[in-house]
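J.: Supplied in C-alpha cells, the structure appears directly below.
Coordinate-derived values only; no laboratory data. Bear in mind that the values here come from a model prediction, so they are computed numbers and not experimental data. All Cβ positions, even for glycine, are placed from backbone atoms using ideal geometry, and neighbour counts span all protein chains on display.
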Amino acid sequence: MKEYIKIDVSNQIAGRICSFIAKRALMGDNIVVVNCKNAMISGEKQMVFKMYLDRDNVKVFSNHAQGPFFPHRPDTFIRHMVWGMMPKGTRGRIAIQKVEFFIGEIPERIASKYKIIAQKEYKPASAENKNSSLVSINDICVRNGWSGKSG
C-alpha cells in the first residue's frame, strides 16, 4: 500500500499551494489533495470571473474537437494548475500521476486505499492573512457551468 501525504487546500491561495504541490510531486512524494473547492484565487471578484469566462469563450474555426478545453470541476481545475507548473515531458507526467485530487474530503468508499503518513500545512499560502479580495474555486466553477455536485 502506498503512503500518501495529505494536503488540505482550504483557504489557501491556489497558485502558491499548487507550486508547492508540484515541487513535492517532482521530489517523488505521493500526495492526496483535499477540499479543492475551498481554494482561493486573489483578485477583484468581477475581474476573476471575467478572466475565466473569457477563457471559456474562445472559438476555434477549424476543428472544434481539438480544443481548447478547460476544466469546470474544482478538482480538475486545481489539477490543471498543478500540471501547468510541471515540466512537460516524462518527468512531469510521472510526477502528476503521483497526485490525487478530491473536491471535498476523501470519500468513505475509497478511504481505505490511502494510507496517510503526514498532513502538511503550508502557511505562506494561507489566505487568512491577505487583505485583498478573494474568490473561491467553487464560485468560479459554478459560474462557468459546474453543477456543484461532486458525484
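J.: Quick query: amide H of Val32 versus all other amide H atoms, modeled in the peptide plane; which residues come in under 5 Å with a sequence gap of 5 or more or a different chain?
T.: Correct list: Ile5, Lys6, Ile7, Glu100.
J.: Which trypsin sites (Lys or Arg not before Pro) from the stretch 32-119 combine a DSSP loop assignment with at most 14 other Cβ atoms within 10 Å?
T.: Within the stretch 32-119, the qualifying trypsin sites (Lys or Arg not before Pro) (loop, at most 14 other Cβ atoms within 10 Å) are Lys59, Lys88.
J.: Return the label of the correct value of Kirkwood radius over Cα pairs in Å, as calculated from the structure shown, out of (1) 16.3; (2) 15.6; (3) 16.7.
T.: Among (1) 16.3; (2) 15.6; (3) 16.7, the one calculated here is (1).
J.: The chain: longest stretch without exposed chymotrypsin sites (Phe, Trp or Tyr not before Pro) (DSSP loop, at most 11 other Cβ within 10 Å), sites themselves excluded?
T.: My reading of the result: 70-151 is the longest stretch.
J.: Given an 8 Å cut-off on Cα distances and at least 6 residues of separation, report the relative contact order of the chain as a percent.
T.: Computed value for the chain: 43 percent relative contact order.
J.: Using Cα positions and a limit of under 24 Å, work out the lysines in reach of Lys59, with same-chain residues fewer than 8 apart set aside.
T.: Lys50
J.: Which whole-Hz couplings ³J(HN,Hα) result when phi for each residue of the stretch 136-148 is put into the Karplus expression 6.51 cos²θ - 1.76 cosθ + 1.60, θ = phi - 60°, listed in order with x for Gly and Pro?
T.: For the stretch 136-148, the Karplus-derived couplings read 7, 4, 4, 5, 5, 5, 5, 5, 9, x, 6, 6, x Hz, x marking Gly and Pro.
J.: In the chain, what % of DSSP beta bridges are antiparallel (nearest 5)?
T.: 25 percent
J.: Here is a follow-up. So which lysines pass the test for Lys149, namely a Cα distance under 18 Å, with those fewer than 8 places away in the same chain ruled out?
T.: Qualifying lysines at Cα under 18 Å: Lys37.
J.: Using only the Cα atoms of the stretch 33-83, build the gyration tensor, take square roots of its eigenvalues as a ≥ b ≥ c, and label the shape rounded, prolate or oblate: rounded if a/c is under 1.5, else prolate if a/b is larger than b/c, else oblate.
T.: Taking the square roots of the gyration eigenvalues as a ≥ b ≥ c, the stretch 33-83 is oblate.
J.: Take the Cβ-Cβ distance between Ala65 and Asn144 as r, set R0 to 22 Å, and report the resulting FRET efficiency rounded to the nearest 0.05.
T.: 0.65
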